[in-house]
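The values are calculated or read from the model by the stated rules, or taken from the named source; none is laboratory data. Since this is a predicted model, take the numbers as computed values, not measurements. Every residue, glycine among them, receives a Cβ derived from its backbone with ideal geometry; neighbour counts consider all protein chains shown. Please note that ligands, DNA and RNA were not included when accessible areas were found on the heavy atoms of the full protein model with its side chains. Shrake-Rupley method; radii C 1.70, N 1.55, O 1.52, S 1.80 Å.
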Amino acid sequence: FELTAMTRADAQEVESPRFRWAIEAYAEHQWRVQRSETPEEDLTLITARETCRRSGYALAGPEARAVFAEAPARALLRSAEAELAWWVEQDPLPQLRTPVLNACRAWRLADEGGLASKLEGGAWARLRIDRPAWLDIVDRAAEGGPARPGDAATAREFLQSVLYVLDRRLRGQA
């Protein structure tokens, strides 16, 4: 679960999105609340905002497409890169599901363009992974299975490989 609050002006900023409040809850009963007196740049918001723009439903006021600025493909790639880089830095890795499935959908974004859900990204990646350990970690992430010894190292290896793909795409080499 994630809830992010921003102003309408923040929702229109494409290159350096900012937030006012962010609340995150994970399946393992972990919570993180952030409040920003001076809004902090958060590149990971680019993908979240684009998802809201495309699929959001307004309970009141203007439709989501009128509130959120459209994110260019390059901004979405930068957002995916920032997200995965954050997960690679976490020690210990607090979970597998979110980072592994986000890596799958980031890989799909870099390869084909367009956004996908975590599970759609996982299904797409399963057809392309040729390493049994990576396939196993994607399957268990999709099923929400528990982490096993060595999973964090395998997950980091997979995330770093997707970061490499994103970097090449951003540099125009892929």
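Annotations
- Selection count, the range 96-125, where residues are open to solvent by 20 Å² or more (accessible area, probe 1.4 Å) and not in a helix (DSSP H, G or I): 4
- Pairs are defined by a Cβ separation below 8 Å, a sequence spacing of at least 6 or placement on different chains, a first member in the range 111-133 that is closer than 19 Å to A80 by Cβ, and a second member that is polar (S, T, N, Q) and open to solvent by less than 100 Å² (accessible area, probe 1.4 Å); the pairs so defined are L115/T47; L115/T51; K118/T98; K118/N102; G121/N102.
- Among the residues of the range 110-159, the ones that are within 17 Å of L77 (Cβ to Cβ) and in contact with a Ser or Thr (Cβ under 9 Å, 6 or more places away or on another chain) come to 1 in all.
- Cross-chain or 6+ apart pairs with Cβ under 9 Å, the range 160-172 first and closer than 14 Å to S79 by Cα, then of a type in the set (V, I, T): L163/V88
- Scanning the range 97-116 for residues that are among the polar types (S, T, N, Q) and either in contact with a Lys or Arg (Cβ under 7 Å, 6 or more places away or on another chain) or modelled with pLDDT of 95 or more (or both) turns up just one, N102.
- Top-ranked residue of the range 43-65 - restricted to ones that are open to solvent by 60 Å² or more (accessible area, probe 1.4 Å) and among the basic types (K, R), ranked as nearest to T7 (Cα to Cα): R65
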